[in-house]
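A quick write-up on the structure given underneath.
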Amino acid sequence: MKGDQIPDPDHIARFCKPMQVSEGQIQATAFMLRPDEEYLSVNWLEFLNCPNRDSEITEIRNIYSAKLNVGARAKLAVINVGEVCEKVLTESPDRRNIEVLHDPMEDDLFDPSHSGIYNLKQDDELIAELILETVLETYTARH
Amino acid sequence: MHEIDLYKDPYRFDTRQIYSIVYGDQLIEDDSPSDHPYTGAWDFSQITTPFLPPVRYENTAYANQEESDTSIVDLPENQDTITQANVLKNEEDQVQELIFRIKTSRSIPYRGSLANRLLALYNDAKEEDSDCIGIAPESLRSFNKFLHLHTNIKCPIISLTPEYNIYASWRGKQNRVFSVHFLTNEDVRFVIFKPNDRHPERKIRVSGLATIDIIMETLTPYYIEDWVSE
């Protein structure tokens, strides 16, 4: 349900554009907000109710290919919710309490697992670098 | 004794050569084996004057060209008639010229690979959104200036921020990170992660705002140059 906090043991996937990837490695720029963004868009993997990670990733690729122009070098970053919140809280200079909230899209861009990382700012390079350090797995975003 | 004509180096001043690297909105691939631009992909006889960018080059000595900011944009006197598309095109021209300048700058040891990386980023951004700027010219200009101020710095990992600014990172042993976000007006925001030598279980994390001319001097206490320089 919209606004629900995603449980700490669960995982989220972030779409990383080719311009945020260098030689296959995701860069901190993948976790920076656009000037008009309030939160960082992610997808809640456990919400998809798939039997394993591979099928979750396949489902996420389907979602992105329907919504976005997915470049050949685009990547998916998988992050544990509890780990990223704890890392940013304990290691950011202002002890930032980021929240990962469910934000399903029900309109034309139907995306029920859509979620967001909240309490980020536009000049948060240090927090983007901290989030990058919590990336557990990476996958190509294109099928 | 032969006289050297300082103003007729075809690789530096012929604007048509710039288009041999990057041209308009097309996605291009520079697979030139040398540091000079690949000229085979374009038939210059087909490129007529109206396609040339509105750039004027100052007649200064060849030796001074590399470090100087030589491009002056010739905007029409009545700027009210300039459309948003014209402005975007003009900014794209500036980006293309800056990439060309990096590619031919002898003071950057990795100029060829760096220029190719910038071209790839430009193309990636354009592929995703053909109306976007590709790379923010002011950010790229600052980055170019930074590289010329620190000619012994190692080649960074480059990516683009959501605003198409240059974000350069250097990564070292023990999860050392030094990242610089090149903003407008030669401002930079930086991030440093490094081990805490007195408390090995802890890390030092620093971020801040500076300008490109003093950033390395400002960060001297963090011994950044020890591992980001050759």
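Remark: the Cα gyration tensor places the range A:33-92 in the oblate category, a/c being 1.5 or greater and a/b not exceeding b/c. Is the shape of the range A:7-59 best called rounded, prolate or oblate, per the rule: a/c under 1.5 gives rounded, else a/b larger than b/c gives prolate, else oblate, with a ≥ b ≥ c the square roots of the Cα gyration tensor eigenvalues? The shape class here is oblate.
Could you please state how large a percent of the accessible area of the range B:90-230 is carbon and sulfur, counting protein chains only and using a 1.4 Å probe? Reported share for carbon and sulfur atoms: 46 percent. Neighbours of residue A:105, meaning other residues whose beta-carbon lies under 13 angstrom from its beta-carbon, give a summed charge of -3 when Lys and Arg score +1 and Asp and Glu score -1.
The mean count of C-beta atoms from other chains within 10 Å of the C-beta of residues in B:117-126, rounded to a whole number, is 3. The residues of chain A expose on average 46 square angstrom of accessible surface per residue, using a 1.4 Å probe on protein heavy atoms.
Interface burial in the range A:54-76, defined as at least 50 Å² less accessible area with all protein chains than with the chain alone at a 1.4 Å probe, covers A:69. Association of chains A and B removes close to 2200 square angstrom of accessible area from solvent, both sides included, for a probe radius of 1.4 Å. Most tightly packed first, judged by the mean number of other beta-carbon atoms within 10 Å of their residues, the peptides A:114-126, A:82-94 read A:114-126, A:82-94. Once the partner protein chains are put back, the range A:1-44 shows a loss of at least 20 square angstrom of accessible area, versus the chain by itself, at A:17, A:18, A:19, A:22, A:27, A:29, A:32, A:34, A:35 (probe 1.4 Å, ligands and nucleic acids excluded). Relative to its residue count, chain A spans a Cα convex hull of 107 Å³ per residue.
The values are calculated or read from the model by the stated rules, or taken from the named source; none is laboratory data. These numbers were taken from a predicted model, which means no experiment stands behind them. Cβ sites come from the backbone with ideal geometry, for glycine too, and all protein chains shown count toward neighbours. The area values use the complete protein model at the heavy-atom level, side chains included, leaving out ligands, DNA and RNA. Shrake-Rupley method; radii C 1.70, N 1.55, O 1.52, S 1.80 Å.
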